[in-house]
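Structure first, commentary second.
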Amino acid sequence: MYTPGPTLAELSAFGLTPEDVEEEVGILPSVWRSFTIFSSLATQWRVGASGVTGLDYNVLPWMFELHGVEDAAACMADLQIMESEALKVMHKETK
């Protein structure tokens, strides 16, 4: 979602081709709704002088209602895990 795939040069350095790279990502049914909400928050990242800092939590009550979330606390926990991992990837790319 946030990381571009390897270039041809990067693949060939390891003797690979684009066909060798698997594009599918498995999402557990237990977190599917949280993943759907996380994906829909793609334009809701807060950005400061040092780059992306995290999701804008102000939109979450509306998103939870829109997606019919019954357990907001559990969904929030899922979102924070995804947010944390996404931030690691985004900050790694800026170094």
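Return the pairs, sorted by first residue and then second, in which the second residue is of a type outside the set (Lys, Arg) and assigned to a helix (DSSP H, G or I), the first residue lies in region 26-51 and is free of Cβ contacts under 8 Å to residues at least 40 places away in the same chain, the beta carbons are less than 6 Å apart, and the residues are 6+ apart or on different chains. Every condition considered, the pairs that remain are ILE27/PHE35; GLN44/VAL59.
Selection within region 40-52: residues that are among the polar types (S, T, N, Q) and either in a helix (DSSP H, G or I) or at pLDDT 95 or above (or both). The member of this set that is farthest from HIS91 (Cα to Cα) is SER40.
I'd like to check something: does region 13-32 contain any residue that is touching a His at 6+ places or on another chain (Cβ under 7 Å) and of a type outside the set (A, V, I, L, M)?
Of the residues in region 13-32, the ones touching a His at 6+ places or on another chain (Cβ under 7 Å) are none.
Checking region 13-32: not a single residue is touching a His at 6+ places or on another chain (Cβ under 7 Å) and of a type outside the set (A, V, I, L, M).
Checking the condition of a type outside the set (Gly, Ala, Ser) and assigned to a loop (DSSP other than H, G, I, E, B), which residue from GLU22, GLU65 passes?
Being of a type outside the set (Gly, Ala, Ser) and assigned to a loop (DSSP other than H, G, I, E, B) holds for just one of GLU22, GLU65, which is GLU22.
The rows are residues; the columns are (1) surrounded by 10 or more Cβ atoms within 10 Å (Cβ to Cβ); (2) touching a Ser or Thr at 6+ places or on another chain (Cβ under 8 Å); (3) at pLDDT 95 or above.
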{"position": "ALA9", "(1), (2), (3)": "no, no, no"}
{"position": "GLU19", "(1), (2), (3)": "no, no, no"}
{"position": "VAL25", "(1), (2), (3)": "no, no, no"}
{"position": "PHE38", "(1), (2), (3)": "yes, no, yes"}
{"position": "LEU60", "(1), (2), (3)": "yes, no, yes"}
{"position": "GLU70", "(1), (2), (3)": "no, no, yes"}
{"position": "ALA77", "(1), (2), (3)": "yes, no, yes"}
{"position": "GLN80", "(1), (2), (3)": "yes, no, yes"}
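Listed conditions (1) of a type outside the set (Lys, Arg); (2) surrounded by 15 or more Cβ atoms within 10 Å (Cβ to Cβ); (3) assigned to a helix (DSSP H, G or I) are all met by SER30, apart from (2).
The values are calculated or read from the model by the stated rules, or taken from the named source; none is laboratory data. Keep in mind that what you see is a predicted model, and the values were worked out from it rather than measured. For neighbour counting, all protein chains shown are included, and Cβ atoms are generated from backbone atoms with ideal geometry for every residue, glycine included.
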